[in-house]
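The values are calculated or read from the model by the stated rules, or taken from the named source; none is laboratory data. None of these values were measured; they are calculated from a predicted model. Because the Cβ atoms are built from the backbone with ideal geometry, glycine has one as well, and the counts that use them run over all protein chains shown. Protein only, heavy atoms only, side chains kept; ligands, DNA and RNA dropped before computing areas. Shrake-Rupley method; radii C 1.70, N 1.55, O 1.52, S 1.80 Å.
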Amino acid sequence: MAEDNPDEPETSKLIAPADFDGPTKNRRCTDVFCSLLLVIAWIAMTGIGAYAVTNGDYRFVLFPIDYDGNICGTDFGDVDMTDFEYFYFINIFTGGVCVKECPSIEENLTDVHTLVTYGGLFQTDDAFLPADAIEIGNYSTAEGAITCTDLTCYPNGDPELSYTSIGVNKGRGYAFYALDTFEALKRCIPTEDAFDEMQNQTGSTGDSLSMGDDGQNFFTRLYADFWTARWYILGFGFGVSLVSLSSSEGILLCVDELILHCSSRNASLKEFLLTFFLPSKPGCQLFLSSLAAS
């Protein structure tokens, strides 16, 4: 039918010539230069990886670092922060401290009379949070450890003066208020409602500083997909690559045998795929056995 009408799409199967004996048996590399570049890239990346493992520390990438250079959640640095794996922001230039848990404040969402500082927790007489509400790492020996006094962080006991004080300095100092937070990649990010409540109590609603909504949206947009699919990424990135390396010989033999088998029978794409997923050839058995061994 297709031969009588040239405008009608071809629907019949391709018929191999009678002397067709499958793909050529004498195969050779057709692009030596690009293959060489690929090998050089493998060697270079392996060298970089080996140097990084030997001379670097992967925890610098995965874990937050406080203002004193300690990695939260590890014993790397001058202070052991193994028990303090979360990072609490103190100023908008990312300076902060390691804490044991991200603060969760249900009452009023913030306590503006409790401040997290570079030297520990500071509270006025009007604070409603207990003294151990936020457990902070030990910064008593830190070179840049600074804590608050009534004069530097809470002049005249006034929250509005506190916001512009030397210690808080509109979120650019060495102290900031205790806020309700959520955890994102070991960072304690203030919630939008908690930040708004803090601004209301300190009279800073017109200030441009915004760590709540902007911070939440930033982390959501940037990391949400990666965090949700982290196990798939790690699984395919490491697991599949290892399996592929250990079973590459079996894969090639399996594919070769399937192509020869299906082409000799003029098989359709559907039949080829079914044959691939129900392998019985020696090469496929080698592939499957290598998978089991790995």
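Each peptide among 74-80, 187-193, 126-132 gets the average number of other Cβ atoms lying within 10 Å of its residues, and from highest to lowest they stand as 187-193, 74-80, 126-132.
Here each label is just a point 7 Å from Cα along the line to Cβ, and for I40 and N55 those points are 2.2 nm apart. Counting only Cα atoms, the size of region 144-202 along its three principal axes is 35, 30, 14 Å, in decreasing order. A simple packing score, the average count of other Cβ atoms within 10 Å per residue, orders the peptides 102-113, 136-147 as 102-113, 136-147, with the highest score first. Residue by residue, region 117-127 carries 3J(HN,Hα) couplings of 10, 5, x, x, 8, 10, 9, 8, 5, 8, 5 Hz when phi is fed to the Karplus relation 6.51 cos²θ - 1.76 cosθ + 1.60 (θ = phi - 60°); x denotes Gly or Pro. Please list, in order along region 44-61, the HN-Hα scalar couplings obtained from phi with the Karplus expression 6.51 cos²θ - 1.76 cosθ + 1.60 (θ = phi - 60°), rounded to whole Hz, x for Gly and Pro. Values, residue by residue: 5, 5, 5, x, 5, x, 5, 5, 5, 5, 6, 10, x, 9, 4, 5, 4, 8 Hz. Taking amide H as placed 1.01 Å from N in the peptide plane, F182 has its amide H under 5 Å from the amide H of I189, T191, each at least 5 places away in sequence or on another chain. Spread over its residues, the convex hull of the C-alpha atoms of region 65-133 is 87 Å³ per residue.
The ellipsoid that matches the Cα gyration tensor of region 27-146 has semi-axes, each √(5λ) in whole angstrom, of 47, 16, 11, with the longest given first.
Between G96 and Y67, I90, the built amide H atoms are under 5 Å apart, and every one of these is 5 or more places off in sequence or on another chain.
Between amide H atoms placed 1.01 Å from N, distances below 5 Å from E101 occur with E135, all of them 5 or more places distant or on a separate chain. Of the listed residues R28, R172, R59, the order by accessible area with a 1.4 Å probe, largest first, is R28, R172, R59. How far apart, in nanometres, would the label points at C29 and D80 be if each is projected 7 angstrom from Cα along the Cα-to-Cβ direction? It is 5.3 nm.
Legend: calculated FRET efficiency, D158 to D132, from the Cβ-Cβ distance at R0 = 30 Å, rounded to 0.05, equals 0.70.
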